[in-house]
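Some notes on the structure that comes next.
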There are 2 protein chains.
Amino acid sequence: MSGPRPGNPPAFDESFEVLVIGSGFAGLSAAIEARLAGRSVLVIEKMALPGGNSALSGGLIAVANAPLLARDGIADSPDLLAEDMFKAGHGLNHPDLVRAAAAGSLEAFLWCRDFLGVVFAGSLHHGGGHSVPRIYSPENCSGSVILQALLVKCRELGIPIRLQTALEAFILDGDGRVAGAEVRAGHIFPQAQSGTPRRIGATRGVVLASGGYCQDIEFRKIHDPGLAGALETTNHPGATAEALVSALKIGATPVHLSWIQMGPWTSRDEVGWGVSTMFSVLVGIPHGIMIDASTGKRFVNELADRLSRSREMVAAGRDPMLIVGGRAARQYPNLAQGLKRGAIRRYDTLEALAQDQSIDFPALEATLRHFNLSLRDGVDDEFGRPLAAHERFPIEAPYHLVRLRPKIHYCNGGIQIDAGARALDIASHRPIPGLYAAGEVTGGVHGACRLGGMAITECIVFGRTAGVNASRAKD
Amino acid sequence: MSGPRPGNPPAFDESFEVLVIGSGFAGLSAAIEARLAGRSVLVIEKMALPGGNSALSGGLIAVANAPLLARDGIADSPDLLAEDMFKAGHGLNHPDLVRAAAAGSLEAFLWCRDFLGVVFAGSLHHGGGHSVPRIYSPENCSGSVILQALLVKCRELGIPIRLQTALEAFILDGDGRVAGAEVRAGHIFPQAQSGTPRRIGATRGVVLASGGYCQDIEFRKIHDPGLAGALETTNHPGATAEALVSALKIGATPVHLSWIQMGPWTSRDEVGWGVSTMFSVLVGIPHGIMIDASTGKRFVNELADRLSRSREMVAAGRDPMLIVGGRAARQYPNLAQGLKRGAIRRYDTLEALAQDQSIDFPALEATLRHFNLSLRDGVDDEFGRPLAAHERFPIEAPYHLVRLRPKIHYCNGGIQIDAGARALDIASHRPIPGLYAAGEVTGGVHGACRLGGMAITECIVFGRTAGVNASRAKD
């Protein structure tokens, strides 16, 4: 960390008006807005490829009052989305951030669709913990198309994205304002000392959009010792805490660091995110059931929030599996790939599935029969899962199976920002001059549990806000 | 904050070998050990009175393998206490700290009894979330006797306790070692700028034992927005976050800051901790029942951990009250005072109680009848409360009532320490040279929920360790 050096204005190797740290959804959204505001912008990225977790994401974006909902005559509002967020978040969410995210969600989606030109599927997904189906998915079920669209826009606008350039420390000027960053150019992650030190100035503002720390075993186990050791994660290898720590070292406020989220839809039969996860998210969970293979019975509302589901899935002795009917399974465009990899398995009869997975067949058959009746009636009398609000397929042959295992997925906590994406100081609770932040590196939006589809919404809402406000500073 | 000033050794107004910040159980335990190790010691305290929350505490101290337990033939062990701590803490606890606290609990108790000369009651208390009765209570049911004993010992040992002296910032030497503190002498809390700046050196170590932040509304609401506003707390007015923030500003690691505990045994009929709380803790909860006045029924295992109980108590529409029989109530030495203040109410008949509090009488009568049968059989078939392990009194006239309201009580989170009470750096995860910490200002011992009686155990175990290790440093 470089402290204030009164009387010595910092000397830089080069200087921009706005410096963005991180090249995922949040960082690129910030960079684009800053450039559109007429600023010179540099994006730095510590890895050899841009995008971080954004490049791996499923591309879901949650939208209050989604245009498609009106078509189906379903009522929604930013208030209802906010209510869902508070409920999943155990009320730990910062109300101003929840309101900004919910109110800005529609514009964030329209920006992706109309300004970036991303093509979304023609139906809405009902994500766990959401009151209504309000989640858009890109046509190919992957966030990479949103990332590509952002990268194309950056190229059009002439925004340089400097890869293998790692933040080393923030540089403060004599007034305690963030005036730039010490970086390592030519950095080879994870070699901490690799690369050449350089000092990059930012005359208007620095936007921190460096993502979460799911891959940082030492850091995450301090905050949740249950996540020590070599647990699997869906994240890219660079999801580590150094940039977050650099911000804390200059007085940014840590919030909710212990709330690290497990994804309740990953497979034990492939590594990381894999190809089965979006199958489970998009068709498996909305149209199938989760059972405990040790009993043949359901054990949870499959559309509960991620925290509730993950906790039930890892309960002692439980062996969670997802069973989906053929009609639903065929909706997933990448089904063949999942079957080929063995992450999704297909059986012609339920008995064959039960036998192959050592599940009590009469118990499993009774579970399916009961759930199919619940589907017909639109009421889940066992776990209160919402069944009325979306298209429903009975679970029928051929049966598709995913053997589930929650993996570490998302850091709900990070540094505190206000609704203007300004990083706040831990002592004064006021903005740290010159420092903005957005995306997974921030905390407070989600509290105890992020809802599906809210990460990209958050990245775009607060990323754009950060870019706009960093451009305005010091006018 | 004072950053490193290479080449300029810090100049101090005065210097000691060990500087202790805070004069509660943890700070005074550290000071005594440092003095016994032959060091010159100064304790500073920002308030006009010593002790902070320790002066208000109930004085309960949890002990694995309490000598009195053996008398009753009940098995206990540090492992069982550790297991109880992990369970209440949702597994967020740091295992090394849990083990150190559990293993050190017996010695901590013996130190209070035999070295400090505190007189404890002749029976053990069964606290919520503990598997067995393992909690000692001073004869007068107040932590003030332990505090007084510590103060007397400090006087005997010639340890100065300088009141109205507030920490302003830590001072680092050129090597990044904590070498002392900027303080304000003659400080008048809460006037931030009051007092005269002074620089106090600490040639061997600084022990931070400044307590929690339950009274710091701005700080606590960042970490748990549900605790915004003028919610009641059991804490003394000086339980604010400035000293914790000073440690974070030099790179101490924040842990579990959002886990702020409500006490499930405070009364809505008196302010703060009051006189009824120890009645509820010591006799009301172990021998009575909690009912929801809106239904006349029990709603929770009264001996569950604090987090579980508080959550149930504040559930929508619930109106929690504690009902205790006469025989149990008379065990509490300060009963008369509680009755006089109206915080404890007495009724000759259950009907009178029900009528006065607008509770459905037949429902309440059925609840009591059922619970008294459960007591007789030793099995709580409703909520699984342990009934077999301690003395049991049927709930009979005269009935005693406390109208409950959880109040903000304790900060489970704080800065990270290792089992040697060394404060750890957020980037390197190694000790910050010269900085030690103990007590409520630290985090990790309790995770999501502290068990009753474990605060004093923690303060004495890690306070003494901090004093010993701060004395050893730079030998």
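The values are calculated or read from the model by the stated rules, or taken from the named source; none is laboratory data. Keep in mind that this is a model prediction, so the values were computed, not measured. No Cβ is skipped: glycine too gets one built from the backbone with ideal geometry, and neighbour counts run over all protein chains shown. The area values use the complete protein model at the heavy-atom level, side chains included, leaving out ligands, DNA and RNA. Shrake-Rupley method; radii C 1.70, N 1.55, O 1.52, S 1.80 Å.
Could you check the simple spin-label distance between B:ASP114 and B:ASP175, using points 7 Å along Cα→Cβ, in nm with one decimal?
With each label placed 7 Å out from Cα toward Cβ, I get 3.8 nm.
Out of the total accessible area of the stretch A:265-405 (probe 1.4 Å, heavy atoms of protein only), what percent is carbon and sulfur?
Using a 1.4 Å probe with all protein chains present, the stretch A:265-405 comes out at 47 percent carbon and sulfur.
For label points placed 7 Å from Cα toward Cβ, what is the shortest-first list of nm distances from B:PRO95 to its copies?
4.2
Below 13 angstrom from the Cβ of A:MET47, what's the summed charge of the other residues (Lys, Arg +1; Asp, Glu -1)?
After counting each charged neighbour, the total is +1.
Put +1 on the Cβ of every Lys and Arg and -1 on every Asp and Glu Cβ in chain A; which of A:ALA11, A:MET47, A:ALA82 then has its Cα farthest towards the positive end of the dipole?
Farthest along the dipole direction, towards plus: A:ALA11.
Please list the non-local residues whose amide H lies under 5 Å from the amide H of B:VAL20, H modeled 1.01 Å from N, same-chain partners needing a gap of 5 or more.
HN-HN under 5 Å from B:VAL20: B:LEU42, B:VAL43, B:ILE44, B:VAL207.
Taking Cα atoms, how many degrees apart are the long axis of helix B:361-377 and the longest axis of chain B, rounded to 10 and kept between 0 and 90?
The answer is roughly 70 degrees.
Heavy-atom accessible area of B:HIS90 with all protein chains present, probe 1.4 Å, nearest 10 Å²?
80 Å²
Given a Förster radius of 35 Å and the C-beta distance between A:PHE189 and A:SER428 as r, what FRET efficiency does 1/(1 + (r/R0)^6) yield to the nearest 0.05?
It comes out at approximately 0.55.
Cut-off 20 Å, label point 7 angstrom out along Cα-to-Cβ of A:LEU49: give me the residues of the stretch A:140-160 whose amide nitrogen falls inside.
Those under the cut-off are A:140-155.
Relative to the longest principal axis of chain A, what angle (0 to 90°, nearest 10) does the C-alpha long axis of helix A:144-157 take?
For helix A:144-157, the angle is close to 20 degrees.
Considering only DSSP beta bridges with both partners in the protein assembly as shown, what is the antiparallel share in %, to the nearest 5?
Roughly 65 percent of the DSSP beta bridges within the protein assembly as shown come out antiparallel.
Rounded to the nearest 5, what % of the DSSP beta bridges within chain A are antiparallel ones?
In chain A, DSSP labels about 65 percent of beta bridges as antiparallel.
Please work out the average accessible area per residue across chain B, using the 1.4 Å probe convention, and give it in Å².
Heavy-atom accessible area per residue stands at 35 Å².
Shortest first, in nm, what separates the label point of A:ALA70 from those of the same position in the other copies (7 Å along Cα→Cβ)?
7.8
Show me, for the stretch B:246-256, the HN-Hα J-couplings you get by feeding each phi into the Karplus relation (A = 6.51, B = -1.76, C = 1.60, θ = phi - 60°), rounded to Hz, glycine and proline as x.
4, 5, 4, 5, 9, x, 5, 9, x, 9, 6
If the label for A:ARG392 sits 7 angstrom from Cα along the Cα-to-Cβ line, what are its distances to the same label in every other copy, in nm to one decimal, shortest first?
Between copies, matching label points for A:ARG392 lie 4.7 nm apart.
Treating only the Cβ atoms of Lys and Arg (+1) and Asp and Glu (-1) as charged, compute the dipole magnitude of the stretch B:364-475 about its Cα centre; round to the nearest 20 debye.
My answer is approximately 420 debye.
Would you mind checking which residues have amide H under 5 Å from B:ALA64's amide H? H placed 1.01 Å from N; only 5 or more apart, or other chain.
Long-range HN contacts for B:ALA64: B:SER105, B:LEU106.
For the stretch B:265-405, what relative contact order do you get, as a whole percent, if you take Cα pairs closer than 8 Å and at least 6 residues apart?
This gives 36 percent for the stretch B:265-405.
Sequence-distant or interchain residues sharing an amide H contact under 5 Å with B:GLN416, placed H: which?
B:THR253, B:VAL255, B:LEU424, B:GLY443
Over both sides of the B-A contact, add up the buried accessible area with a 1.4 Å probe and give it to the nearest 100 Å².
2200 Å²
What is the helix-to-structure angle for A:454-472, meaning the angle in degrees between its Cα long axis and the longest Cα principal axis of chain A, kept from 0 to 90 and rounded to the nearest 10?
For helix A:454-472, the angle is close to 10 degrees.
Name the shape class, rounded, prolate or oblate, that the alpha-carbon gyration tensor gives for the stretch B:265-405, where a ≥ b ≥ c are the square roots of its eigenvalues, rounded holds for a/c under 1.5, and otherwise prolate holds if a/b is larger than b/c and oblate otherwise.
Here the stretch B:265-405 falls in the rounded category.
Output ³J(HN,Hα) for the stretch B:230-241: one whole-Hz value per residue in order, computed from phi by the Karplus curve 6.51 cos²θ - 1.76 cosθ + 1.60 with θ = phi - 60°, and x for Gly and Pro.
In residue order, the calculated couplings are 8, 5, 6, 9, 7, 8, 6, x, x, 6, 10, 9 Hz.
What does the charge count near A:ILE344 come to, summing +1 for each Lys or Arg and -1 for each Asp or Glu among other residues with Cβ under 11 Å from its Cβ?
Summing Lys and Arg as +1 and Asp and Glu as -1 gives +3.
Would you please give the FRET efficiency between B:ASP13 and B:GLU382, computed as 1/(1 + (r/R0)^6) with r the Cβ-Cβ distance and R0 = 56 Å, to the nearest 0.05?
0.35
Could you tell me the number of lysine pairs in chain A with C-alpha atoms less than 27 Å from each other, where the two lysines are 8 or more residues apart or belong to different chains?
Lysine pairs satisfying the spacing and distance rule in chain A number 13.
Compare each residue of the stretch A:240-257 in its chain alone against the assembly with all protein chains, and report those whose accessible area goes down by 30 Å² or more; 1.4 Å probe, heavy atoms.
At a threshold of 30 Å² (probe 1.4 Å), the residues of the stretch A:240-257 that become less exposed are A:VAL245, A:LEU248, A:LYS249, A:PRO254, A:HIS256.
I need the Kirkwood Rh of chain A: take the reciprocal of the average 1/r across all distinct C-alpha pairs and report it in angstrom.
In chain A this quantity evaluates to 22.8 Å.
Could you size up the charge dipole of the stretch A:150-286 around its Cα centre, putting +1 on the beta carbon of Lys and Arg and -1 on that of Asp and Glu, and report it in debye to the nearest 20?
420 debye
Please list, in order along the stretch B:418-430, the HN-Hα scalar couplings obtained from phi with the Karplus expression 6.51 cos²θ - 1.76 cosθ + 1.60 (θ = phi - 60°), rounded to whole Hz, x for Gly and Pro.
Going residue by residue, I get 9, 5, x, 6, 8, 5, 9, 7, 5, 8, 8, 6, 10 Hz, with x marking Gly and Pro.
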